[in-house]
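Written out below as structure tokens is the structure these notes cover.
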Amino acid sequence: MKLYNIKENDQQVSFAQAVRQGLGRNQGLFFPSELPSFEDVDALLAEDFVTRSTKILSALIGDELSEETVNAIVDAAFQFPAPIKPVTGNIYALELFHGPTLAFKDFGGRFMAQSLAVVSDGGKITILTATSGDTGAAVAHAFYGMEDINVVILYPKGKISPLQEKLFCTLGNNIHTVAIDGDFDACQALVKQAFDDPKLRGDIGLNSANSINISRLMAQVCYYFEAAAQMSKEQRNNLVISVPSGNFGNLTAGLLAKALGLPIKRFIAATNVNDTVPRYLDSGNWEPKPTIATTSNAMDVSQPNNWPRIEELCRIKEWGLETLGKGAVTDEQSAQSVQVLFDMGYLCEPHGAIAYRVLDEQLKEGETGLFLCTAHPAKFKEVVDDILDSNIDLPGPLAKHAAMDLLSEDLANDFELLKEVLYRVQG
Ligand SMILES: Cc1ncc(COP(=O)(O)O)c(C=O)c1O
């Protein structure tokens, strides 16, 4: 598989290099040079999840890894289902929270960890990742205990849910967690700064498990196919998918699935009030504003990292950006939607509810709607209980971590201080 750097096109890398490096020169994202296309999508959809995902990822990776190797990676990574649930009329929820850390990030995090183990050249690796909540847990659990890999996770202090924090800041061992005095965009900027420091990069074998790492998005492509596989042909041929979006990795993966041949009629980019993309799609002007804290905190992103990949894909496929649906939802509206869904018998947290709301507003007669439920409702227990006046149960993994002590260190939003941490964890 060949990939190029979107910013500096002359930089070409293999899948192994893209997985190991994460980000290209000048902070450029890697993008596949060629995208395969499946002729017989119906036959592909008839396969089981692991077999189908192996075929999709093998086609993307090409002959760099044997199909057997890809199958072993997929088999180890995707050990949990992605079911669709009927919610109302022709609207379905795609539940992506049945993995070990109860969020959709388990697909990408685990696939990346397994891939890195296969393509590693034996040197030391430091995974530096910024999280707005769920990536941290997925990455920490996927890499926990792996030899020669240190993981450093930055998160905005006080701006993620207490349960999200407990899930990844209590592990220890090769997992180091740092609470930054700033917002998620500040954490993301620190990660990018680290990548721009060639000496640091070389000294510690810097890599990232954020959705800037293309392997994460490749894994996510597979659950769009899995959702369609659970529908009748008639339903999936009129499929509109609403994606709760922050950094826009999930939507990138969906658009890649469409590029590979999955017949998706339309995508909707649903955000909270951090609405840089919906405003951009309206006006053509890219005008990020300061990030606002919301109850859908994992989407509190005003400078979404993956947007250049979406523009690149739309340019290549000649899909006008105006074909993307969009909508921005306030906290009050998302709380209303959590309640509406609950009254219809579906328990949902605010991120999924935002996607539902925009879908419900924009779905047309004859279309099938699917909204992505990106996290288990209990991961946002405080918010959900507050809206519903409930006391929802904590599933096993959350209950276990909720009782453990936090091991994070606090750090000012200062790159020099972060560098000290990165050298220190090398031991
Ligand atoms: C629960 C949840 N929903 C939605 C998102 C947004 O996904 P993306 O950043 O890929 O747009 C995130 C990302 O952290 C998340 O954790």
Can you give me the solvent accessible area of Leu341 with a 1.4 Å probe, rounded to the nearest 10 Å²? 0
Summed residue charge, Cβ within 9 Å of Leu406's Cβ, Lys/Arg positive, Asp/Glu negative: -1
Using protein chains only and a probe of 1.4 angstrom, how many square angstrom of Asp75 are accessible, to the nearest 10? 80
Can you list the residues, at least 5 places off or on another chain, whose amide H is less than 5 Å from the amide H of Asn174, using H built in the peptide plane? Gly145
Here, Lys85 and Lys233, labelled 7 Å along Cα→Cβ, have an inter-label distance in nm of 3.0
With just the Cα atoms defining each centre, how far is the stretch 90-145 from the stretch 166-206? Give it in Å. 15
Given +1 on the Cβ of Lys and Arg, -1 on the Cβ of Asp and Glu, and no further charges, what dipole in debye does the chain carry about its Cα centre, rounded to the nearest 20? 440
The size of the Cβ-based charge dipole (Lys, Arg +1; Asp, Glu -1) of the stretch 323-427 about the Cα centre, to the nearest 20 debye, is 420
Would you mind calculating the relative contact order of the stretch 226-375 from Cα pairs under 8 angstrom and at least 6 residues apart, reporting the percent as a whole number? 32
In whole angstrom, the spacing between the Cα centers of the stretch 216-235 and the stretch 395-423 equals 34
Using the structure shown, list the pairs from Lys2/Lys157; Lys105/Lys192; Lys265/Lys381 with a Cα-Cα distance above 27 Å, or answer none. Lys2/Lys157; Lys265/Lys381
In deg cm²/dmol, rounded to the nearest 500, the helical mean residue ellipticity at 222 nm of the chain, built from -39500 (n - 2.57) for every DSSP H run of length 4 or more, is -13000 deg cm²/dmol
Would you mind getting the accessible area per residue of the stretch 298-427, heavy atoms of the protein chains only, 1.4 Å probe, in Å²? 46
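With 30 Å as the limit, write out which pairs from Lys258/Lys364; Lys199/Lys317; Lys124/Lys317 have Cα-Cα distances beyond it, or answer none.
Correct reply: Lys199/Lys317; Lys124/Lys317.
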In nm, the gap between the two label points placed 7 Å beyond Cα toward Cβ at Glu332 and Asp410 is 3.4
Provide, in order from the shortest bin, the percent of all Cα-Cα pairs of the stretch 149-291 in each 10 Å bin, continuing until the bin that contains the maximum pair distance. 10, 28, 33, 22, 6, 0
Decide, for the stretch 294-388, between rounded, prolate and oblate: order the square roots of the alpha carbon gyration tensor eigenvalues as a ≥ b ≥ c, take rounded if a/c falls under 1.5, and otherwise choose prolate if a/b is larger than b/c, else oblate. oblate
1.4 Å probe accessible area per residue over the stretch 1-120, in Å²: 39
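In the chain, carbon and sulfur make up what percent of the accessible area (probe 1.4 Å)?
47
Would you work out if the stretch 119-162 is rounded, prolate or oblate? Take a ≥ b ≥ c from the square roots of the eigenvalues of the alpha-carbon gyration tensor; rounded if a/c is under 1.5, else prolate when a/b is larger than b/c, oblate otherwise. Don't skip to the end; give the middle numbers.
Numbers: a/c = 3.25, a/b = 2.41, b/c = 1.35.
Since a/c reaches 1.5 and a/b is larger than b/c, the shape of the stretch 119-162 is classed as prolate.
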Pseudo-spin-label distance Asp385 to Trp319, built 7 Å along Cα→Cβ, given in nm, is 4.0
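Just want to confirm a number: the relative contact order over the stretch 78-236, from Cα pairs under 8 angstrom separated by 6+ residues, in percent.
Values: 242 pairs, mean separation 40.6, N = 159.
Reported as a whole number, the value is 26 percent.
Stokes-Einstein at 25 °C, 0.890 mPa s, Kirkwood radius from Cα pairs: D for the chain in µm² s⁻¹?
Values: Rh = 21.4 Å.
My calculation gives 115 µm²/s for D.
Only Cα pairs under 8 Å and at least 6 apart count here; give the relative contact order of the chain as a rounded whole percent.
On the way: 840 pairs, mean separation 83.7, N = 427.
Relative CO of the chain lands at 20 percent.
The values are calculated or read from the model by the stated rules, or taken from the named source; none is laboratory data. This one's a predicted model, so the numbers in the text were calculated from it and none came from an experiment. Virtual Cβ from ideal backbone geometry, glycine too; neighbours counted across all protein chains shown. What goes into the accessible areas is simple: the full protein's heavy atoms, side chains included, and nothing from ligands, DNA or RNA. Shrake-Rupley method; radii C 1.70, N 1.55, O 1.52, S 1.80 Å.
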